[in-house]
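Q: This is the structure I have questions about; it appears just below.
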Amino acid sequence: MLHDGRRIAIFIAGGLYLALVAWLIATNIARIGGSPEVRALLLGYAYWPRFAVALLAGAALGLAGVLMQQVLQNPLAAPETLGVNAGAHLALTIGLLAAPALHAAHPELLAISGAFAAWGLIAAIGWGTRDPTTLILTGFVVSFALGSISSLLMLLNQQYLASMFIWGAGSLVEDGWSGVEQLALRVAAGAIVAAALARPLLILGFGDQQAKSLGLTRLLKPLFLATAVLLSASVAAAVGIIGFVGLAAPHLARVLGAEKLGERLVAAPLCGAGLVLLVDQLIQLLPPERAANLPTGAVTALIGAPMLILLLRRVPRLMLEAGGGIATRLGVGGARRPMTVLAGLGIALVLMLALALLAGRAPQGFGLYPEAFVWRLPRVVAACGAGLGLGVAGCLVQRLFANPMASPEILGIGGGVAMGLIATLLFFAEASAGLQLFGATIGALAVTGAILLLGLDKGFTPERLLLTGIAITALLDASSLLFLALGDPRSGQVLAWLSGSTYWVELDFAVIVLAAGIAGLALSALAIRWLEILPLGAGVATSLGVPLGAARLVVLMLGAVTTAAAALIVGPMSFVGLLAPHLAGLLGLRRAGPQLLGAAMTGAALVVFADWVGRAMFAPTELPAGVLSVLIGSLAAMAAVLGRRAAASA
Amino acid sequence: MIARLLLASLLILLPVPPVAAGEAVPAHAKRIATIDWGMAETLLALGVAPVGVAESAGYRDWVGEPALPSSVAEIGLRATPSLEYLAALKPDAILSTPQFAAIEPVLGKIAPVISLATYTDDLEPYRHAQENTRRLGALIGSEPAAAGLIAATDARIAKFKDTIGATATRPVLVLYFQDDRHAWVFCKGSLFDDVMKRAGLTNAWTADGNFWGFANAGIDQLFAIRDAALLVIEPVPPAVRAKLAQRDGLLSRLPVFQPGNYAILPSVWGFGGLPSAGRFADQLLRHTELFERGHAS
């Protein structure tokens, strides 16, 4: 039961909310100008449909979030974490390019089939996993893989895909009631399913054993999930991506006191609808020419993401403690001859560097074109330095948090780098490379500091880390959208950097990045004993005489600084920091020293390869190394999850 | 993530303040590569085919004329043209615009970069397009051709003014549709606005836009515009065509969208130079009836 004081607070907050929204509605309606007939048309065809679609989209996402979180018993399950948005986006992009007539007539067919395909892919890879975090990680990885394919298509066809920009940012501008009607039908269907089957849904939450004994899992789990995917894909088709509502609304409902599932099934859609409506009415308060630049979906993400970070402390520990066995997995065992493996990796890296420097594609076809060496050298050096740094940083972060999912990207350190860079550019008109690096480092440190603070009282559980990272990534998405909306002339620089192209790198800067990576590696080598011991847990570390606070701080700072330098080249989200330590581990390099060196070389080889593919594959059309790293990295991560499953079942 | 990557590919549309062009370019350069379509069309109109153009397939679809000869090499994306391909073309000069300032230091290692700004924050693209035409004429050593193109484009616009001049008093709204609910409306600072001004027409969209001279608008904003002719530039999204055919939704109830009050123009590059301006002027001349008061609703 709720505490009385809290109940009163919630009532007051609800009253204030209603008063605010009522005032906003009255103000926005009063501002619609023109003759009575025009006002009637604008109200009937634009204002009220937009009002309705905001409520419906928010409610649909809230309901989808509750269903997903309940069925999967996973507080992180949501349309954005389970690939729905990425799948819908890719399908719509392909549809717009290949079948524009179908795209115009039935976007919902494309969005829904794309969403189901993505969900199917995630289910196929993560099938049978008992570990909720693995499922979310799979969703994250599949989303990134599909997202990188979409963005490659966008880069190659941007003039033809202009409408996808609007879609991606989630604009609620409506024309008449047809979109509202379609969405309303689907939301009603979803609500009926949820209401009719609320009891079995509750039982599903007791765990598979009990549900199975009642014969529920086989049929009902897929039914609920399909309903949730359908709901969120319908929203995606109707208005585009409305960031973060599906994830945040159920948590908001819980904080407001909806502790029982039945209450949440009602409260979460209400919270979602209320959130989207509020944001959308606030945007309409702006002068129309500014409002047109602020798509609702991006702004909800900007508000929803920090809210989720604040809510983190209130999210109960629903999930299994998945991280238990990891410390031992990292610490012991490994190749009998790490030196041989490392030598092999070294040779592979050298061959990759030679390939990237000498080979390429010219109008005559693929071949060795050593004369183009001079154009390739800065880019290869920069890619090598960035990959090396990310490999090192990934290794440091994984050992620090004793968590294989922890990586600079997933923790949001990359996002912090991006926001630090944007802030630097906002405050200093002429930011030198050094100043940019400084700003990026501050951003990385701020995020890592926030993670430390959030984790202090409850420990670094995997879900908390993932949730923070996802929230920070969403925050970054939204802030870059708004930075663009401000029309700042330097946004070009930021956006070029976000896609992670080595194109503009000159040799002196490339050498700085390589030096930073090597310095990170060397300094980590000094802390090798700590890195060996930290994954074993606080108790073991203290008993072995490791100054815990100091060790954590040093390792974290080192990881943050190394990430900042590397992310300036490949962008905030490359997956290299996640992947390189895992690949090193797969090769049998499990002890701190060999893993660090192996991850550094693997990371370097990965980014150099991605950069080379980007330059050579569609030459002269170039694709950014960062986006290709995401694609290569996420595909490899999918293979790794599959491999682990195969190993587990064998 | 998706939104961010989408944005990354929007790079091409970002305004960047103008920088001074400069560096020694050989007199009478013959081998010129260009990453900007507006420069490419101007060069072609001056009678010189560039050796390389970025996104040449897009040029053919969006700019169209003057047609790009098949001898012109593709050099990659506008934001990141392939250095290896560019270097292999051994250009005498590379034409760029300030929006690509970030990559000019790199391009400058291949050949002198000439950065010519048409769209700047003084919002006078037509005047800049004239200046740029003169500079390109000087670059290729045929100033008379440049003077000829400037005079011919002025004449194309003047022809409109002479033909209906005094009677063309209705304001005109010019836009590209993004989808059936959003449009880019051309306003002050666009090439089309400058052409209309010189042709004696007024732009119906009076609010400011960005520095390329367009504003994002939801279609509900178009309701404020009552008595104006509408020119929609191709390509028109299929969803818009469907709504117009079925007379469905707010779109078809817009005052400017009443039958006989609007025209759909074949694609003209809204971010180009004098050749695009001339083609737009020719299109205006084909639809004179729209601009006369007393016409339509």
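Q: Those residues that are within 18 Å of B:ILE164 (Cβ to Cβ) and either touching an Asp or Glu at 6+ places or on another chain (Cβ under 7 Å) or of a type in the set (Ser, Thr, Tyr) (or both), I need them from region B:188-242; list them, please.
A: B:THR202, B:ASN203 - these are the residues of region B:188-242 that are within 18 Å of B:ILE164 (Cβ to Cβ) and either touching an Asp or Glu at 6+ places or on another chain (Cβ under 7 Å) or of a type in the set (Ser, Thr, Tyr) (or both).
Q: Among what's in region B:95-140 and is closer than 20 Å to A:THR502 by Cβ and of a type in the set (Val, Ile, Thr), pick the residue that is farthest from the other protein chains (Cβ to nearest Cβ).
A: B:VAL113
Q: Then there's this: On the given criteria, is A:LEU523 modelled with pLDDT under 85, surrounded by fewer than 23 Cβ atoms within 10 Å (Cβ to Cβ) and more than 9 Å from every other protein chain (Cβ to nearest Cβ)?
A: No; evaluated as a whole, the condition is false for this residue.
Q: Also, I was wondering about something else. Scan region A:578-612 for residues that are surrounded by fewer than 24 Cβ atoms within 10 Å (Cβ to Cβ) and within 14 Å of chain B (Cβ to nearest Cβ) and jot them down.
A: A:TRP612
Q: Across region B:222-242, which residue is nearest to the chain's Cα centre (by Cα) among those that are within 12 Å of chain A (Cβ to nearest Cβ) and under 30 Å from B:GLU65 (Cα atoms)?
A: The residue in question is B:PRO235.
Q: Report, by residue number, each residue of region B:212-227 that is buried (at least 20 other Cβ atoms within 10 Å of the Cβ) and not in a helix (DSSP H, G or I).
A: If we filter region B:212-227 for residues that are buried (at least 20 other Cβ atoms within 10 Å of the Cβ), which is where we start, we get B:212-223.
Passing the criteria: B:TRP212, B:GLY213, B:PHE214, B:ALA215, B:ASN216, B:ALA217, B:GLY218.
Q: Would you check if there is a residue in region A:335-358 being touching a Lys or Arg at 6+ places or on another chain (Cβ under 9 Å), modelled with pLDDT under 80 and surrounded by fewer than 18 Cβ atoms within 10 Å (Cβ to Cβ)?
A: So far as region A:335-358 goes, yes, one or more of its residues are touching a Lys or Arg at 6+ places or on another chain (Cβ under 9 Å), modelled with pLDDT under 80 and surrounded by fewer than 18 Cβ atoms within 10 Å (Cβ to Cβ).
Q: Further question on the same structure: Take residues that are within 17 Å of A:VAL187 (Cα to Cα) and tell me which of the helices (runs of 4 or more DSSP H) falling wholly in region A:40-105 contain 3 or more.
A: A:48-71
Q: Then there is this: Select, from B:PRO255, B:PRO266, B:PRO275, the only residue that is in contact with an Asp or Glu (Cβ under 9 Å, 6 or more places away or on another chain) and within 11 Å of another protein chain (Cβ to nearest Cβ).
A: B:PRO255
Q: Here is a list of conditions, (1) under 28 Å from B:PRO66 (Cβ atoms); (2) in a loop (DSSP other than H, G, I, E, B); (3) aromatic (Phe, Trp, Tyr), and B:TRP205 meets all of them except one; can you say which number that is?
A: Here B:TRP205 clears every test but (1).
Q: Search region A:526-548 for residues being part of a loop (DSSP other than H, G, I, E, B) and not hydrophobic (A, V, I, L, M, F, W, C), and hand back the single one that is surrounded by the fewest Cβ atoms within 10 Å (Cβ to Cβ).
A: To start, the set of residues in region A:526-548 that are part of a loop (DSSP other than H, G, I, E, B) comprises A:527, A:537, A:544-547.
Remaining after also requiring not hydrophobic (A, V, I, L, M, F, W, C): A:537, A:545, A:547.
Values: A:GLY537: 12, A:GLY545: 8, A:PRO547: 12.
Going through the qualifying residues, I end up with A:GLY545.
Q: From the list B:GLY273, B:GLY200, which one is of a type in the set (Gly, Ala, Ser) and crowded, with 20+ Cβ neighbours inside 10 Å?
A: Checking each option against the conditions leaves just B:GLY273.
Q: Restricted to region A:18-45, and to residues that are touching a residue at least 60 places away in the same chain (Cβ under 8 Å) and surrounded by 14 or more Cβ atoms within 10 Å (Cβ to Cβ), which residue is farthest from the other protein chains (Cβ to nearest Cβ)?
A: Kept after step one, since they are touching a residue at least 60 places away in the same chain (Cβ under 8 Å), are these residues of region A:18-45: A:20-21, A:24-25, A:27-28, A:45.
Now narrow it down to the ones that are surrounded by 14 or more Cβ atoms within 10 Å (Cβ to Cβ): A:21, A:24-25, A:28, A:45.
Values: A:VAL21: 20, A:LEU24: 17, A:ILE25: 16, A:ASN28: 12, A:TYR45: 4 Å.
Among them, the one singled out is A:VAL21.
Q: Oh, and also: Is there a residue being at pLDDT below 75, of a type in the set (Lys, Arg) and either under 27 Å from B:ASP220 (Cβ atoms) or surrounded by fewer than 21 Cβ atoms within 10 Å (Cβ to Cβ) (or both) anywhere in region A:189-212?
A: Checking region A:189-212: at least one residue is at pLDDT below 75, of a type in the set (Lys, Arg) and either under 27 Å from B:ASP220 (Cβ atoms) or surrounded by fewer than 21 Cβ atoms within 10 Å (Cβ to Cβ) (or both).
Q: Now, a different point. Restricting to region A:549-579, name every residue that is among the aliphatic types (A, V, I, L, M) and not in a helix (DSSP H, G or I).
A: Of everything in region A:549-579, just one residue is among the aliphatic types (A, V, I, L, M) and not in a helix (DSSP H, G or I), namely A:MET573.
Q: Select from region A:362-383 the residues that are touching a residue at least 40 places away in the same chain (Cβ under 8 Å) and either over 29 Å from A:LEU583 (Cα atoms) or not charged (D, E, K, R) (or both) and list them in ascending order.
A: Within region A:362-383, A:ALA362, A:PHE366, A:LEU377, A:PRO378, A:VAL380, A:VAL381, A:ALA382, A:ALA383 meet the criteria.
Q: Mind checking whether some residue in region B:58-66 is among the charged types (D, E, K, R) and at pLDDT 90 or above?
A: no
Q: Still on this structure, I have one more. Only one of B:VAL240, B:VAL268 is assigned to a helix (DSSP H, G or I), β-branched (Val, Ile, Thr) and surrounded by 18 or more Cβ atoms within 10 Å (Cβ to Cβ); which?
A: The unique qualifying residue is B:VAL240.
Q: Among the listed residues B:ASP194, B:ASP179, identify the single one that is farther than 30 Å from A:ALA46 by Cα, acidic (Asp, Glu) and assigned by TED's automatic domain parsing to the domain that holds B:GLN221.
A: Numbers: B:ASP179 fails: farther than 30 Å from A:ALA46 by Cα.
After applying the criteria, what remains is B:ASP194.
The values are calculated or read from the model by the stated rules, or taken from the named source; none is laboratory data. Bear in mind that the values here come from a model prediction, so they are computed numbers and not experimental data. Note that we place each Cβ from the backbone using ideal geometry, even for glycine, and neighbour counts take in every protein chain shown.
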